1. Against the condition free of Cβ contacts under 8 Å to residues at least 40 places away in the same chain and in contact with a helix residue (DSSP H, G or I) (Cβ under 6 Å, 6 or more places away or on another chain), how does Ile397 come out, does it pass?
2. Looking at region 3-16 only, could you name the residues that are assigned to a helix (DSSP H, G or I) and either touching a strand residue (DSSP E or B) at 6+ places or on another chain (Cβ under 8 Å) or open to solvent by 70 Å² or more (accessible area, probe 1.4 Å) (or both)?
3. Is there a residue being open to solvent by less than 30 Å² (accessible area, probe 1.4 Å), in a strand (DSSP E or B) and in contact with a strand residue (DSSP E or B) (Cβ under 9 Å, 6 or more places away or on another chain) anywhere in region 620-638?
4. Within region 698-715, which residues are of a type in the set (Lys, Arg) and loosely packed, with under 15 Cβ neighbours inside 10 Å?
5. Condition check: of a type outside the set (Ser, Thr, Tyr) and surrounded by 13 or more Cβ atoms within 10 Å (Cβ to Cβ). Does Pro729 satisfy that?
6. Could you tell me which residue of region 47-60 is modelled with the lowest pLDDT, considering only residues that are over 11 Å from Ala26 (Cβ atoms) and of a type outside the set (S, T, N, Q)?
7. I'm trying to understand the selection: among the residues of region 21-45, which are touching a helix residue (DSSP H, G or I) at 6+ places or on another chain (Cβ under 7 Å) and part of a helix (DSSP H, G or I)?
8. Check off (1) assigned to a helix (DSSP H, G or I); (2) modelled with pLDDT under 90; (3) open to solvent by less than 20 Å² (accessible area, probe 1.4 Å) for Val383 and give me the number that stays unchecked.
Amino acid sequence: MSTRAYKLAEELGIDRNEFVAKAKEAGIELRNAMATLDEAQAAFLREKLSAKKSDRITEARVAVTGGASVIRRRKRTEPEPEPVAVPEPLHVVAPVESAQPEAETDPAAEPALDAEAEGAPAAVAPAAGEEEDDEEAAAKIAARGRTGPRDDSAAPTPDRAAQSRKQFREVVNLREQEMLAKQVVGRTAPPRATVIDPRTLASPRRKRRDAPVKKSVAAAAAAKPGKRIVRIEGDVSVADLAHQLGVKAPQIQGKLMGLGMMVSIQQTIPAETAALVAAEFGGEVQDVGFQEAAFLEMPAVAVGDAQAGTPRPPVITVMGHVDHGKTSLLDALRKTNVVAGEAGGITQHIGAYQVETGGHTLTFIDTPGHAAFTQMRARGAQVTDIVILVVAASEGIMPQTIEAISHAKAAEVPIIVAVNKCDLPDANPQLTRQRLMEHGIVVEDFGGDTLAVNISATKRTGLDKLLEAIVLQAELLEPRADASIRAQGIVLEAQLDKGLGPVATVLVQEGTLRRGDIIVVGTHYGRVRIMNDDKGEPLKEAGPSQPVQVIGISGVPAAGDLMHCVESERVAKDIVDHRLDEARREKTPAAKPRISLEDLFAGAEGGSRELALIVKADVQGSAEAISSALAKLSTDRVKVNVLHVAVGGITESDVQLAQASRAIVVGFHVRPDAKARRAAESVGVEIRTYQIIYEMLDEVKAAMAGLLPPTTREVVLGQAEVRQIFSIPRVGVIAGSYVTDGLIRRGAQGRLVRDGVQVWSGRFASLKRFKDDAREVQTSFECGIGLDGFNDVKVGDIVEAYEIESKPAEL
């Protein structure tokens, strides 16, 4: 049975970082407090690090008056400052533990500690060679100190000796209680031997006056209210949060309602929300759950920092309509016949290749249409630097060409148009360029900023100009990466090979991947046993923007899964176990939270100022009219971004684009098919269909307004003057007030004003009319007002009640 290191540290009462250091001293290496310990390691550390009393005891024979001696036993601990002794003429040493080490000198040369004043009575000592218990010896010393000088002929009676021992033990018990109280309150070491006034043994009244403060009294006097620490692991249920805060669950639900959340007792809330609620009750949330980011090294290159990191090859994705020549173009660039290995000349899987041209290295990714490209973006991976849009000059713009344009624009990457098949008799490159303008792509020939090159992949003409355009665009981008960290990348494709096992094609994005590294890919992990380049040659290491084939993963990952190199196999296993636990807790592993028009109405996406839409219509005329009408709705504060407009039903491809771009699919006189509906439900994409165009425009306007923050204003409800103060036990201070203007409403916002200065602001804790709770109290009536968390109320203070009104923003 495994145990987390931080939990064992809490069990032993040791700080987490200190526990890791002590475990290392004990011979167990821990990376941090989140590491896992097996049962044997945990048992060893419990035994090794448990708090133990020191067993180093020294014995010394101490001479006392009369020529005899007693055996003194003391435990060695760290020294601490001398306490102030009670200034009395006669003192007796109490048999408590000493924090002062015994001097390594002759015990006979030690001064007589038990008889400090001249003429002090001597202690009864055992015969030579005998040892006497410290407690009995001290009791006899105390008894002799009370009865005067030693008289061998007048020994104390058994009754008097028993009474002395009983009184002495009472004092000793009190001293032990004082020592425990100091340890609890001050967390200090036990005090060294402290002198005790023997008069406390004889006078019960003096004993009560001079006796040390008991533990309960000392702890109550020194204890101060502090923040209650709430330890959670990720999301936490309302019931669990209430239990740890020591409040009732409906109180937690009330605070959540104030934040706009309606939840049940067993429903979970995020850790960030739990922290806000806990702060309302004076608590502090500590997320002690597994923090995956702590084990994954982040790149040091800041986004957009052109001076950071080292230059890397650009990553180019080739997109376009089916059979427009995407793979043939790559085949021409690589000078190998890749198409011959594809069924029917159509790409069946993702391929990644590197091309050297003019001293520049370019990484190309071939995709089957654009599905994989979209899926990678939906998983949060921005793979591509440049998109090459392949358009056949003989066929022009086709439906998948339009979709590829929409995907490239949504990814916000530059586009280079490769007008292919210019060698065919029916080719019309100029008309193709004109048709591209209808979809927002203006080439340089027509005054735009998009590069367009005429090529023929089969004849291999125009390829030099295309490569020059790619290199020029890459120089403008200046892609960089940090090659010094542990490798990070993305899976382009994966399959199960009968002879090799799971094989994954990985594009390294950051760092350097080396053979033998431990990697985590999705919910799988393993060691890189074999690593080959795109030509099948073995590699020892691969840098940024280099595609490699990796063998050694425990299972077949999915396309788009992120790959991270970690420091050890134990860390990799912990990360995978955590991801599997998270997947079991979540019914639908949606990569993005659901976006709906209702969310936009409520302003849930208040940080954004752009409404992304995908429009599908039954005919081209309706599609163009809707697209134009939606574009005219844009204002300076909110922009409508129509990512894709097409004719036909709503398909799974539309849902994928909406998921990757956090957009809403809008249909006019069309419906989603079964696959699209299932995909939308699984990934949380909103689909809205309409029959009337004005209804569509009205809802989009409302959604745009929902993107803006609501306008708020303060409305003063009334004022009351404090005329008398009532202090009620276990409730606090109640301000007996007279409402002078308006009304005071229970639960409203309030403030307390004294001499024109605001001294308190918050909510009213209670409002009473005589002894009954009141919802509100009108002008010229008296009431009792309780202020939440504030008791410093004085006669003459003014209590103001107000509310905050919120109005939806208007365009």
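1. Numbers: free of Cβ contacts under 8 Å to residues at least 40 places away in the same chain: no; in contact with a helix residue (DSSP H, G or I) (Cβ under 6 Å, 6 or more places away or on another chain): yes.
Considered against the rule, which asks whether it is free of Cβ contacts under 8 Å to residues at least 40 places away in the same chain and in contact with a helix residue (DSSP H, G or I) (Cβ under 6 Å, 6 or more places away or on another chain), Ile397 comes out as no.
2. Of region 3-16, the ones assigned to a helix (DSSP H, G or I) are 5-12, 16.
Within region 3-16, Ala5, Lys7, Leu8, Glu10, Glu11, Arg16 qualify.
3. The answer is no, given that none of the residues of region 620-638 is open to solvent by less than 30 Å² (accessible area, probe 1.4 Å), in a strand (DSSP E or B) and in contact with a strand residue (DSSP E or B) (Cβ under 9 Å, 6 or more places away or on another chain).
4. If we filter region 698-715 for residues that are of a type in the set (Lys, Arg), which is where we start, we get 701, 713.
Answer for region 698-715, where residues must be of a type in the set (Lys, Arg) and loosely packed, with under 15 Cβ neighbours inside 10 Å: just Arg713.
5. Values: of a type outside the set (Ser, Thr, Tyr): yes; surrounded by 13 or more Cβ atoms within 10 Å (Cβ to Cβ): no.
No.
6. First pass over region 47-60, keeping only residues over 11 Å from Ala26 (Cβ atoms): 50-60.
Those left that are additionally of a type outside the set (S, T, N, Q): 51-53, 55-57, 59-60.
Values: Ala51: 55, Lys52: 46, Lys53: 38, Asp55: 44, Arg56: 45, Ile57: 46, Glu59: 48, Ala60: 51.
Looking at residues that are over 11 Å from Ala26 (Cβ atoms) and of a type outside the set (S, T, N, Q), I get Lys53.
7. Answer for region 21-45, where residues must be touching a helix residue (DSSP H, G or I) at 6+ places or on another chain (Cβ under 7 Å) and part of a helix (DSSP H, G or I): Lys22, Ala23, Ala42, Leu45.
8. Only one criterion is unmet by Val383, namely (1).
The values are calculated or read from the model by the stated rules, or taken from the named source; none is laboratory data. What you see is a predicted model; the values in this text were computed from it and never measured. Neighbour counts run over all protein chains shown; Cβ positions are idealised from the backbone, glycine included. Heavy atoms of the whole protein, side chains included, go into the accessibility calculation; ligands, DNA and RNA do not. Shrake-Rupley method; radii C 1.70, N 1.55, O 1.52, S 1.80 Å.
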